[in-house]
1. Once the other residues with Cβ under 13 Å from the Cβ of G333 are scored (Lys, Arg +1; Asp, Glu -1), what is the net sum?
2. ³J(HN,Hα) across segment 196-211 via Karplus (A = 6.51, B = -1.76, C = 1.60, θ = phi - 60°), whole Hz, x for Gly/Pro?
3. In sequence order, what are the phi-derived ³J(HN,Hα) couplings for segment 272-284 according to the Karplus relation 6.51 cos²θ - 1.76 cosθ + 1.60 with θ = phi - 60°, rounded to whole Hz, with x for glycine and proline?
4. Quick check: residue separation of R316 and S302 times 0.36 nm, minus the Cα distance between them. What number comes out in nm?
5. So for each of 219-232, 311-324 I average, over its residues, the number of other beta carbons within 10 Å; can you give me the resulting order with the highest mean first?
6. Amide H of D343 versus every other amide H placed in the peptide plane: which residues, excluding those fewer than 5 positions away on the same chain, fall under 5 Å?
7. Which order do peptides 207-218, 267-278 fall in by mean Cβ count within 10 Å, highest first?
8. With r defined as the distance between the Cβ atoms of A210 and R37 and R0 fixed at 41 Å, what FRET efficiency is calculated, to the nearest 0.05?
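Nothing in this text is a laboratory measurement; each read-out follows from the coordinates by a stated rule. Small disclaimer: the values here were computed from a predicted structure and weren't measured. Glycine gets a Cβ as well: all are built from the backbone with ideal geometry, and neighbour counts include every protein chain shown.
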Amino acid sequence: MRKYWSVCLCVLLVAGCGRRQAVIPPKVPVSVARAERRAVPFELTATGTVEPLQTVRVSAQVGGLLQHVHFQEGDEVQAGQVLFEIDPRPYQAALQQAEANLSRDVVQLANARREAERYRALVSNGFVTDEDYQQREAAADALSASVRADSAAVAGARLNLEWATVRAPISGRTGSLLLKEGNLVLPAGAEPLVTINQVRPILVRFSVPASQLPELQRHRGQSLRALARPVRDGAPPIEGLLSFIDNHVDSATGTVMLKARYPNADGVLWPGEFVDVTLILAVEPDATVIPAQAVMNGQQGSYVFALNPDGTAKQRPVRVARTLDSLAVIASGIEPGTVVVTDGQLRLTPNSRVEIKSGGASEAAADSPATGQEPARRRAPGGRAAAAAVPPPGTRRSAQ
């Protein structure tokens, strides 16, 4: 009887051991994406400030009563357009007086020259002395100098009369009007009559870290595109060109100041507002990219979980060159076509068996070598591709 129970116990133990060996760990549900080779722009991002191309503080160069204002505050004005009219009557009178003095001295000069010519003939015949002739010649020279002085006075009076009409020195948008009609205008007063900002074209000033200076210098001879996106919701990016690199590094901030120029034909950019600037230095034509969420950081550096043909996930070290919005540009570690895990990595261990979730980015990799099927075709609009699409150069920002 004892032998019988011993045999039964052995049978039960063997059966239990067999059942434990047959237990297989469950598959870990994950989302995946496929590494792709794309053209990826190399970009610098910064926050910039819009500033006018030119700013002119319009002041009067002559004083008087302000008679007329020929624009409204905030109007667009053109170079040479009449802005203000100061009472011109005092300057018209001064011009007429200067012209009269000039006419008088011109007549006297003509008479003095004729008399000097007569005395020249008389002195040669001995009828007058040399002193008399020299006096007449000196009088003619003095009147000649008076005529030149009168001509300068006429020019100055005419200029003052022109200055009584104040014109726009540049094209641009006017600001607040500081003096109204009927006020007394002082010449070259401390406060301008109005300020004009040139907004077409316009500049955006921004700064980048000094560590990017070698890249800037390497591409300095090229026409570098700079995209400005106003902080306002829904505003599209505006394209311009880099126009200025400062000649020194700000020691307080460790940055280099840059300026980009924009046509601003529609007037979207406004002086003083903040914009997000993306400076496109170059385009890397054959970059290997994966979704940035696929990259994990550990004690040994960055790594990803890549799918094996047998349906398991293997940990692979990678070196990330940079990130572009939601994408990571991989310098080494994986090749295009490799399927990587983008969600569920925290539950994975080396050689864990995985189950690709249905829908989303996982469907694009469901036909990966891990399942033994052919690669999936790109989905139509409405679905999602294996890896987040890389935008055309300049439409996304990179984090350095």
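1. Computed value for this residue: +2.
2. 10, 10, 7, 10, 9, x, 9, 10, 10, 9, 8, 10, 10, x, 5, 5
3. Once θ is set to phi - 60°, the couplings for segment 272-284 become x, 7, 9, 9, 8, 10, 10, 9, 9, 7, 6, 10, 7 Hz.
4. Details: separation 14, 0.36 × 14 = 5.04 nm, distance 0.87 nm.
Extending this stretch completely gives an extra 4.2 nm.
5. 311-324, 219-232
6. Here the answer is S31, since their amide H atoms fall under 5 Å of that of D343.
7. 267-278, 207-218
8. Efficiency, rounded to the nearest 0.05: 0.80.
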